[in-house]
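To keep things clear, I will list the structure first and then write my remarks on it.
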Amino acid sequence: MLQTTAVGTIGKDAVVNQVGDKKVINFSIAHNEKFTDKDGVAHNRTTWVDCNYWGKNANVAPYLKKGTVVGVSGSISSKGYQRQNGEIASSLELRVERLELVSGKKDPVKSEQIEASKANPMTTNEDAFENESQS
């Protein structure tokens, strides 16, 4: 199993789906990279990662809005597909095991709440999100 951590911007609001008796939150993040090639030409490259977050944490979905910066980690895989024009392409998919809000679209998340959730094993990231919504 290949594990990875990524920070990126959510491309559109997350969607919660029911699969059997479990819920999954689906969203995509974009990571933008700026670089200059050997000829001195500047380029921008965007890599999209499709994320799925399984389990009881569906109540975090309202925080996963377009423009929100998140940190995710988990197992990554790629899958190939054929585009409508016949071109072969691939996409990255991450089964999220850990999710952290880095900042909201307008207001940054209070980092001390997220740090507190790490320090106290009885407090989950889910609790930090609930506390944020009550303040």
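Among the residues of the range 72-79, is there at least one that is in a helix (DSSP H, G or I) and modelled with pLDDT under 90? Checked against the condition, which is being in a helix (DSSP H, G or I) and modelled with pLDDT under 90, the range 72-79 yields no hits at all. The residues on offer are GLU93, GLU130, and the sole one that is at pLDDT 90 or above and either under 20 Å from VAL16 (Cβ atoms) or among the hydroxyl-bearing types (Ser, Thr, Tyr) (or both) is GLU93. For the range 20-46: of the residues being among the β-branched types (Val, Ile, Thr) and without any contact (Cβ under 8 Å) to a residue 24 or more places away in the chain, which is farthest from ASN57 (Cα to Cα)? Filtering first and then ranking leaves VAL41. The one condition from (1) exposed (fewer than 14 other Cβ atoms within 10 Å of the Cβ); (2) out of contact with any helix residue (DSSP H, G or I) (no Cβ under 9 Å at 6 or more places or on another chain); (3) closer than 20 Å to SER103 by Cβ that ASP13 does not meet is (2).
The values are calculated or read from the model by the stated rules, or taken from the named source; none is laboratory data. As the structure is a computational prediction, the values presented were derived from the model and not from experiment. Note that we place each Cβ from the backbone using ideal geometry, even for glycine, and neighbour counts take in every protein chain shown.
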